[in-house]
1. Which residues, taken from the stretch 37-54, are assigned to a strand (DSSP E or B) and either of a type in the set (Val, Ile, Thr) or at positive phi (or both)?
2. Which members of the stretch 55-91 meet the condition of being outside any strand (DSSP E or B), under 14 Å from Leu31 (Cβ atoms) and among the acidic types (Asp, Glu)?
3. Exactly one of (1) over 13 Å from the mean Cα position of the chain (by Cα); (2) closer than 22 Å to Leu31 by Cα is unmet by Glu113. Its number?
4. Of (1) in contact with a strand residue (DSSP E or B) (Cβ under 9 Å, 6 or more places away or on another chain); (2) surrounded by fewer than 21 Cβ atoms within 10 Å (Cβ to Cβ); (3) aliphatic (A, V, I, L, M), Val150 satisfies all except one. Which?
5. Condition test on Gly136, is it of a type outside the set (S, T, N, Q), out of contact with any helix residue (DSSP H, G or I) (no Cβ under 7 Å at 6 or more places or on another chain) and modelled with pLDDT of 95 or more?
6. Quick one: is Leu142 over 14 Å from Met87 (Cβ atoms), in contact (Cβ under 8 Å) with a residue 40 or more places away in the chain and among the hydrophobic types (A, V, I, L, M, F, W, C)?
7. So for the stretch 106-119 (the condition being in contact (Cβ under 8 Å) with a residue 12 or more places away in the chain, under 17 Å from Leu36 (Cα atoms) and assigned to a loop (DSSP other than H, G, I, E, B)), does at least one residue qualify?
Amino acid sequence: MIRVLAKYLAAVLMAALAVSSAALADEPVYLPAEPLVIETAGGKTLTFNAEIADDDAKRSHGMMFRRKMQDSEAMLFVWPAPYEAAMWMRNTYIPLDMLFIAPDGRIVHIAHETVPHSLDVISAGQKVLAVLEIKGGGSARLRIVEGDLVQHRVFAAQ
C-alpha cells in the first residue's frame, strides 16, 4: 500500500513539475487524454481524444501556446463542483469553440470561434461542471448544439 501511494505521489509531483516548467518556458503543456463522446440531437456519436485539465495549474495553462489542433482533439476543463467558469484566450494562438457543460453532461452554452489572444471573459452565465474546448468551427461543422449530451466519467459521478 505504501509503495503504491509513493508511486502515485511521485507521478503527481512529476506532472506538476512538467506543467509548471512548461508554463515558465511559454511552451504548450500536453496532458494525458481520454476518450470523450458527444451524442448530438441529430443522432450522431462523436468521439474526441480529450486532455483532462482537472486542477488549478492545468486549468490555468490550458491550450496556451499551441499552434495547431486536430479535429479529433479536445481539452476538458473540470472543476470539483459546479462553478461559474470564466475562460479567456490569453496566449492561445488558435480559435477554439468552448462548450460549457452542466453536471448532468448537457451542453448549456457554446462560444463559437473564440478570438486568439483575447482577454475578453467567456462564460455561460451559469454554473457548469466542465468546459470542453475543441478546434474553432468544430461545433458548427459537426452540428453540435446546446442540449447535446457529453459522455465522460466526470459526468457519471454526478
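1. Hits for the stretch 37-54 are Val37, Ile38, Thr45, Thr47, Ile52.
2. Here is the first cut: in the stretch 55-91, the ones outside any strand (DSSP E or B) are 55-72, 84-85, 88-91.
Those left that are additionally under 14 Å from Leu31 (Cβ atoms): 55-66, 69.
Once the filter is applied, which keeps residues that are outside any strand (DSSP E or B), under 14 Å from Leu31 (Cβ atoms) and among the acidic types (Asp, Glu), the stretch 55-91 yields Asp55, Asp56.
3. Exception for Glu113: condition (2).
4. With respect to (1) in contact with a strand residue (DSSP E or B) (Cβ under 9 Å, 6 or more places away or on another chain); (2) surrounded by fewer than 21 Cβ atoms within 10 Å (Cβ to Cβ); (3) aliphatic (A, V, I, L, M), Val150 is out only on (2).
5. Details: of a type outside the set (S, T, N, Q): yes; out of contact with any helix residue (DSSP H, G or I) (no Cβ under 7 Å at 6 or more places or on another chain): yes; modelled with pLDDT of 95 or more: yes.
The answer is yes for Gly136.
6. Working: over 14 Å from Met87 (Cβ atoms): yes; in contact (Cβ under 8 Å) with a residue 40 or more places away in the chain: yes; among the hydrophobic types (A, V, I, L, M, F, W, C): yes.
Yes.
7. Looking through the stretch 106-119, none of the residues is in contact (Cβ under 8 Å) with a residue 12 or more places away in the chain, under 17 Å from Leu36 (Cα atoms) and assigned to a loop (DSSP other than H, G, I, E, B).
Residue-by-condition table, conditions (1) free of Cβ contacts under 8 Å to residues at least 12 places away in the same chain; (2) out of contact with any Lys or Arg (no Cβ under 9 Å at 6 or more places or on another chain):
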{"position": "Pro28", "(1), (2)": "no, no"}
{"position": "Gly43", "(1), (2)": "yes, yes"}
{"position": "Thr47", "(1), (2)": "no, yes"}
{"position": "Arg59", "(1), (2)": "no, yes"}
{"position": "Arg66", "(1), (2)": "no, yes"}
{"position": "Glu84", "(1), (2)": "no, no"}
{"position": "Asp97", "(1), (2)": "no, no"}
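The values are calculated or read from the model by the stated rules, or taken from the named source; none is laboratory data. Given the structure is predicted, the values throughout are model-derived calculations rather than measurements. Note that each Cβ is placed from the backbone with ideal geometry, even for glycine, and that neighbours are counted across all protein chains shown.
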